[in-house]
1. Fully extended, how many nm does the chain gain between K147 and R105 (0.36 nm per residue separation, minus their Cα-Cα distance)?
2. By how many nm would the segment from R219 to A113 grow when fully extended, if each residue of separation counts as 0.36 nm and the alpha-carbon distance is taken off?
3. Can you spot the lysines whose alpha carbon is less than 17 Å from K321's alpha carbon? Ignore those fewer than 8 places along the same chain.
4. So, R0 is 22 Å and r is the distance between the beta-carbons of K258 and S61; what FRET efficiency does that work out to, to 0.05?
5. To the nearest 20 debye, what charge dipole does the stretch 26-75 have about its Cα centre, counting +1 at the Cβ of each Lys and Arg and -1 at the Cβ of each Asp and Glu?
6. Let me make sure I get this right: for the stretch 236-323, a, b and c are the square roots of the gyration tensor eigenvalues over alpha carbons, sorted descending. Under 1.5 in a/c it's rounded, otherwise prolate if a/b > b/c, else oblate. Which is it?
7. So if I take the centroid of the Cα atoms in the stretch 135-214 and the same for the stretch 102-134, what is the distance between those two points in Å?
8. Is the stretch 65-192 rounded, prolate or oblate when judged by the Cα gyration tensor, a ≥ b ≥ c being the square roots of its eigenvalues, rounded requiring a/c under 1.5 and prolate requiring a/b larger than b/c?
Amino acid sequence: MTATRRALLGAALAAPAIAAPVRAQDWPGRPVRVIVPYPPGGPTDIVGRVTAAGLQAELGSPFVVENRAGAGGSIGAGEASRAAPDGATVLVNASAHVITPHLMRGLPFDALADFTPVTEIVKVPLILVVNDAVPVRSVQDLIDLAKAQPGRISYASSSIGGAPHLAGELFKLMTRTDLTHIPYRGSGPALQDLLGGTVQVMFDSLASSAEHVRSGRLRAIAVTTTQRLPGHPDLPTIAEAGVPGYEMTTWYAMWGPKNLPPAIAARMQQAVARVCRREDARARFASMGADPIASTPADFSRFSASEYERFGRLVRDAEIKGE
């Protein structure tokens, strides 16, 4: 092979490595689809829209939210997994992304292998609340009551397999109590029955329950995070209140399709991190009790894989069946 041909071949082989950073520097350079796999108005949609609006303000290109609801989020996630890995399509989904595969068979994608982790956007704590008529003022009170009346104390959740449901099942396993799960189609109906006394307990979002806690109709017992909430320093964590190691949160994140160039994923994450520092975005996230995270692709990759395994064990141990 002549020196000229070797030089040309070397240049050709090097071209993709050179081209990827150039594309990353130019990203987005065109409208970006932000697929949200749930209907408008819910928490995943809110996170997606706040993030999209912030990215558009930061980068100057349109970020268009497309709601592709259905089948527990798998329709939208499947569409995102089949998109070209060029930065023109991203998925914003909740932690359900790594829970649903353990509940539904025959999904048209692999929740880990068919996506490129970009960043965990925000984390949302849950609070353990009881109807004000229930004689419970602490985590230990609830444990004692549940053990004294096995199967008679019920807890509501917004769906089967959602974080509020898994929070209850984790609590049951770790405390060896028998609480009865009552699933609803949405947090609104679940909360109404909790207020009405049809059910006694719920693991709910702070934003959803705060008004009723302030009015005295619900009593907040503890938070599901590992640290106390800055705005509620008197509310203990479940872990410190008698269940060491307990933790359950809902988190929302961004993925790209499989084989998204690392440089583009890094640029996406950096832009989301800037969004999470914007006052307008932080205020909107705070209204739903969300804590901005903006983790790096590498950190989020490790975290999402760990959560996939953790939720899988919980689903198996609690013998949870999908709808």
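Here, each number is a calculation from the coordinates, and none is a lab measurement. None of the values given here were measured: they were computed from a predicted structure. When we count neighbours, we look across all protein chains shown, and the Cβ atoms used for this are built from the backbone with ideal geometry, even at glycine.
1. Values: separation 42, 0.36 × 42 = 15.12 nm, distance 3.47 nm.
Extra length from K147 to R105 when fully extended: 11.7 nm.
2. Details: separation 106, 0.36 × 106 = 38.16 nm, distance 4.23 nm.
Answer, rounded to one decimal: 33.9 nm.
3. Partners within reach: K172.
4. Numbers: r = 23 Å, r/R0 = 1.04.
About 0.45, to the nearest 0.05.
5. Numbers: 4 positive and 4 negative charges, 23 e Å.
With Lys and Arg at +1 and Asp and Glu at -1, about 120 debye.
6. Values: a/c = 2.35, a/b = 1.33, b/c = 1.76.
It is oblate, given that a/c is not under 1.5 and a/b is not larger than b/c.
7. 18
8. On the way: a/c = 2.67, a/b = 2.54, b/c = 1.05.
Here the stretch 65-192 falls in the prolate category.
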